[in-house]
Each structure stands twice: as C-alpha cells, then as structure tokens.
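These notes concern the structure reproduced below.
Where a number appears in this text, it was derived from the coordinates with a stated rule and is not lab data. The shown structure was predicted, so the numbers you read here are calculated from the model rather than taken from an experiment. Cβ placement follows ideal geometry from the backbone for every residue including glycine, while neighbour counts extend to all protein chains displayed.
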Amino acid sequence: MIKITVNTARPYDIFVGGSLLDRAGELSRNVNRGQKALIITDSNVAPLYADRVAKSFKSAGYNTEILVFPAGEQSKKLDTVSTFYARLAKSGFTRGDLLVALGGGVTGDMTGFAAATWLRGVDFVQIPTSLLAQVDSSVGGKTGVDIPEGKNLVGAF
C-alpha cells in the first residue's frame, strides 16, 4: 500500500494498493471516530463491492448501512440527494458519523455534496471504483449535482 499525503489547509491521505476494500473501515478510523457509517453506492457497484466494504466497516466498529441508488448521470440530482438526507435522518446520523462514497464520479460527487450539507458538514471517505473517479477523488472534495439548467451547477468543495 502506498500512502500519499496531500498537504492542503486540511491535509488528507490517499491510499493506493491492493486489498484496500478489506481495510477501508480500519483506514477510515484514522479520520473518523463516529459510531455509524452510511455506504452510498449505485446499482452497478453495489453487487460487486458493497457487502465486502460493509464487512470492513463493521469490523472497524461502525454500525454500517448501505444505500443504493440507480446508476447513471440521470440520478445526479437534488432529488436523489434528498433520499440520502431522509436515510441519514431516519437512522439518526450525527456530525460525528461518516458517509462513504463507494463508486464512480456520480457517487463521489453526490455523497460529497451530501456530506458537505448534512448538518453543515460531516466526514466522508471516497472509495473510487473507476479511473475517472480516482482522479475526481484526488481533488480534495470537489462535489456537485446537476439541475435542469446545467451540469454541476450546485456543489461544494
């Protein structure tokens, strides 16, 4: 495993290597001491990796839930993020808990946006599953959703 520390105003680490899905919960404990983790993923990625990642977070002591939304750019909208908020509220997520983006760019953008706006900001971890998502994830929390007037017009860093 390679650890790359990005030295910004709020430094963060990027991990590259094999078997990181099985260590995701353990590594997340370095940035979050919360009780709950919500893994947000799409309908394409969920059957491939969601259970494996959930097992890792449970092993690290998180009460873990998985939320699956329909795959594709058409889901990257405020209505979808609203379903995230509803789940977070129903499950009693606090500012100390964790959101986990498991998937491609759409997943990372929406989960990051939800993390930036839920209770005015909670921790989140990105687990990118495509090359483009890896590049997007490396840019320190660039997030966004589409509205009818255009792509990525609503977002946060």
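When the pairs K3/K76; K58/K151; K3/K151; K3/K142; K3/K36 are compared against a 28 Å limit on Cα-Cα distance, K3/K76; K58/K151; K3/K151 fall above it.
Per-residue 3J(HN,Hα) values for region 49-55, derived from phi via the Karplus relation 6.51 cos²θ - 1.76 cosθ + 1.60 with θ = phi - 60°, read 9, 4, 5, 5, 5, 4, 4 Hz in sequence order (x marks Gly and Pro). Amide H to amide H, with H built 1.01 Å from N, I66 comes under 5 Å of I39, counting only residues 5 or more places away or on other chains.
Taking the fewest neighbouring Cβ atoms within 10 Å as the starting point, the ordered list for E65, E26 is E26, E65. For T5 and S130, a Förster radius of 25 Å and the Cβ-Cβ distance give a FRET efficiency of 0.60, rounded to the nearest 0.05. Averaging Cα coordinates gives a centre for region 52-90 and one for region 1-30; these two points are 20 Å apart. Assuming 0.890 mPa s and 25 °C, estimate D for the chain with Stokes-Einstein, Rh taken as the Kirkwood radius over Cα pairs, in µm²/s. Rounded, D is 159 µm²/s.
Computed from backbone phi with θ = phi - 60° and the Karplus coefficients 6.51, -1.76 and 1.60, the 3J(HN,Hα) list for region 69-85 is 10, x, 5, x, 4, 5, 7, 7, 8, 4, 4, 5, 4, 4, 5, 5, 4 Hz; x is used for glycine and proline.
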